[in-house]
Amino acid sequence: MKAVFATQYGSPDVLHIREVATPTPKANEILVRVRAAPVAFGEVIARDFRHVSPSQFNMPMAFWAMARLAFGLNTPKKHILGSQFAGDVADVGSGVTHYKRGDAVFGYRGQSMGTHAEYVCIAEDGFVAPKPANMNYAEASGLPYGGLTALNLLRKANIQPGQKVLILGASGSIGSAAIQLARHAGAQVTAVCSSAGLAYVKALGAEHTIDYTKEDFTRNGQKYDLIFDVLGKGSFAEIQRSLTPNGVYLLASFKMKQVFQMLRTSRSTGKKVVCALSSEKPADILELKALAEAGVLKSIIDTCLPLEQAAEAHRMVESGHKKGSVILTLAAV
Ligand SMILES: NC(=O)c1ccc[n+]([C@@H]2O[C@H](COP(=O)([O-])OP(=O)(O)OC[C@H]3O[C@@H](n4cnc5c(N)ncnc54)[C@H](OP(=O)(O)O)[C@@H]3O)[C@@H](O)[C@H]2O)c1
């Protein structure tokens, strides 16, 4: 099969198309013929992990060290990147009971990667589900990463109807899903992003928008019950001005400094810092499918490019300002 392959860390130019063996599904696995597979934040980081320093990594040093071991010290262990996919079941293992050849599915392989290829295997009880009926393959392929992460992290905040929620990094994969999920929970959502993303976050349902290049939201006098910081760009010293007395500053990206702030504020009755890691379970992908089919979750596509243009797709994602998913396509979507 054809795959986007890398034998060394580096710029998008290390990616090239190579013929590799098609995987064979184990007894409990399905083989999926991939039609669409996005390039997201994780792939860009993994492609050049050797050159990502601990300070550039948006997580504590220990996480960086674990990721460095997982991705490979000097050369990549994962030659085929890609964590999300949508496609059709091409074959099933002998013990598979829920899927048959031809079923349209979407799924998530997380750090196992390998979806930027014509075929991928996944356990039938893993992060895979029938494709939402109201989405095409490209749209469905863009749902899992941002959707699963936002769903899990926002669960930790237990949003109540009527609460005011501000999302920082709102136009990215996680932020886009968070806007929609917070609205669904009944919150009034304010999305913070750069000028180019304002229309995009409004279209996703944000009631208020703030352009961080023009306005510092921590100085406008507004108070929020939850401030969700996807990239961990904020500082609690400033952000606490914008929190209600029991407000929560929820971070998807954080360093040890914020972990200590979390420990300190967890003992107080007032404003809290929460550093959260997504702990998604396979059942969550079924919830994403249901939310998509109910019209709660939209999946916006920035660009679709053929597999051969993987390097260009990485460059677009690396720019940090895509609006919606950048998707590699392998067949009609
Ligand atoms: N906790 C967890 O379990 C978990 C899981 C997965 C990922 N993560 C973390 O999530 C982060 C990636 O999130 P993502 O995939 O959503 O990223 P993404 O799709 O690359 O989006 C990031 C967004 O942030 C915006 N941005 C850039 N600079 C900003 C600034 N100064 N202020 C406000 N917004 C800014 C960009 O949009 P603009 O054009 O508007 O600037 C961009 O759309 C990583 O740090 C990763 O470590 C955490």
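In the range 205-251, which residues are away from the ligand (no atom under 13 Å from the Cβ), open to solvent by less than 40 Å² (accessible area, probe 1.4 Å) and not in a strand (DSSP E or B)?
Gly205, Phe236, Ser242
In the range 306-330, how many are under 11 Å from Ala37 (Cβ atoms) and open to solvent by less than 40 Å² (accessible area, probe 1.4 Å)?
Count: 8.
Conditions tested, residue by residue: (1) within 21 Å of the chain's Cα centre (by Cα); (2) among the hydroxyl-bearing types (Ser, Thr, Tyr).
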| site | (1), (2) |
| --- | --- |
| His98 | no, no |
| Arg101 | no, no |
| Gly110 | yes, no |
| Tyr119 | no, yes |
| Glu124 | no, no |
| Asn136 | yes, no |
| Gly147 | yes, no |
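Six or more apart or on different chains, Cβ atoms under 6 Å: show the pairs whose first residue is in the range 70-96 and more than 28 Å from Pro132 (Cβ to Cβ) and whose second is of a type in the set (Ser, Thr, Tyr).
Listed pairs, sorted by first residue: Pro76/Tyr9.
For the range 181-192, state whether one or more residues are within 11 Å of the ligand (Cβ to nearest atom), open to solvent by less than 20 Å² (accessible area, probe 1.4 Å) and at pLDDT 95 or above.
Yes: the range 181-192 contains one or more residues that are within 11 Å of the ligand (Cβ to nearest atom), open to solvent by less than 20 Å² (accessible area, probe 1.4 Å) and at pLDDT 95 or above.
Restricting attention to the range 272-281, which residues are more than 13 Å from the ligand (Cβ to nearest atom) and surrounded by fewer than 17 Cβ atoms within 10 Å (Cβ to Cβ)?
So the first thing to find is which residues in the range 272-281 are more than 13 Å from the ligand (Cβ to nearest atom), and the list is 272-273, 281.
Answer for the range 272-281, where residues must be more than 13 Å from the ligand (Cβ to nearest atom) and surrounded by fewer than 17 Cβ atoms within 10 Å (Cβ to Cβ): just Lys281.
Give the range 1-22 a look and list any residue that's open to solvent by less than 30 Å² (accessible area, probe 1.4 Å) and not in a loop (DSSP other than H, G, I, E, B), or say none.
Result: Ala3, Val4, Phe5, Pro12, Val14.
Among (1) surrounded by fewer than 17 Cβ atoms within 10 Å (Cβ to Cβ); (2) within 11 Å of the ligand (Cβ to nearest atom); (3) without any contact (Cβ under 8 Å) to a residue 60 or more places away in the chain, where does Val201 come up short?
Among (1) surrounded by fewer than 17 Cβ atoms within 10 Å (Cβ to Cβ); (2) within 11 Å of the ligand (Cβ to nearest atom); (3) without any contact (Cβ under 8 Å) to a residue 60 or more places away in the chain, the lone unmet condition for Val201 is (1).
Tell me, please, whether a residue that is of a type in the set (A, V, I, L, M, F, W, C) and closer than 16 Å to Ile174 by Cα can be found in the range 254-273. Show your work before the answer.
Residues of the range 254-273 of a type in the set (A, V, I, L, M, F, W, C): 254, 256, 259-260, 262-263, 273.
Add one more test, that the residue is closer than 16 Å to Ile174 by Cα, and what stays is 254.
Yes, the range 254-273 contains a residue that is of a type in the set (A, V, I, L, M, F, W, C) and closer than 16 Å to Ile174 by Cα.
Please verify whether the range 23-35 includes one or more residues that are closer than 29 Å to Cys304 by Cβ, touching a Lys or Arg at 6+ places or on another chain (Cβ under 9 Å) and open to solvent by 20 Å² or more (accessible area, probe 1.4 Å).
No, the range 23-35 contains no residue that is closer than 29 Å to Cys304 by Cβ, touching a Lys or Arg at 6+ places or on another chain (Cβ under 9 Å) and open to solvent by 20 Å² or more (accessible area, probe 1.4 Å).
Among the residues of the range 147-160, is any open to solvent by less than 10 Å² (accessible area, probe 1.4 Å), among the β-branched types (Val, Ile, Thr) and not in a loop (DSSP other than H, G, I, E, B)?
The answer is no, given that none of the residues of the range 147-160 is open to solvent by less than 10 Å² (accessible area, probe 1.4 Å), among the β-branched types (Val, Ile, Thr) and not in a loop (DSSP other than H, G, I, E, B).
Any idea which of Ala196, Ala177 is near the ligand (Cβ under 9 Å from one of its atoms), touching a residue at least 24 places away in the same chain (Cβ under 8 Å) and surrounded by fewer than 22 Cβ atoms within 10 Å (Cβ to Cβ)?
That would be Ala196, the only listed residue that is near the ligand (Cβ under 9 Å from one of its atoms), touching a residue at least 24 places away in the same chain (Cβ under 8 Å) and surrounded by fewer than 22 Cβ atoms within 10 Å (Cβ to Cβ).
Checking Ala294 against (1) open to solvent by 50 Å² or more (accessible area, probe 1.4 Å); (2) assigned by TED's automatic domain parsing to the domain that holds Gly42; (3) among the small types (Gly, Ala, Ser), which single condition isn't satisfied?
Tallying (1) open to solvent by 50 Å² or more (accessible area, probe 1.4 Å); (2) assigned by TED's automatic domain parsing to the domain that holds Gly42; (3) among the small types (Gly, Ala, Ser), Ala294 fails exactly one: (2).
The values are calculated or read from the model by the stated rules, or taken from the named source; none is laboratory data. Predicted model, so just to flag it, every value in this text is computed and none were measured. For neighbour counting, all protein chains shown are included, and Cβ atoms are generated from backbone atoms with ideal geometry for every residue, glycine included. When the accessible area is computed, the model is the full protein with side chains, heavy atoms only, and any ligands, DNA or RNA have been set aside. Shrake-Rupley method; radii C 1.70, N 1.55, O 1.52, S 1.80 Å.
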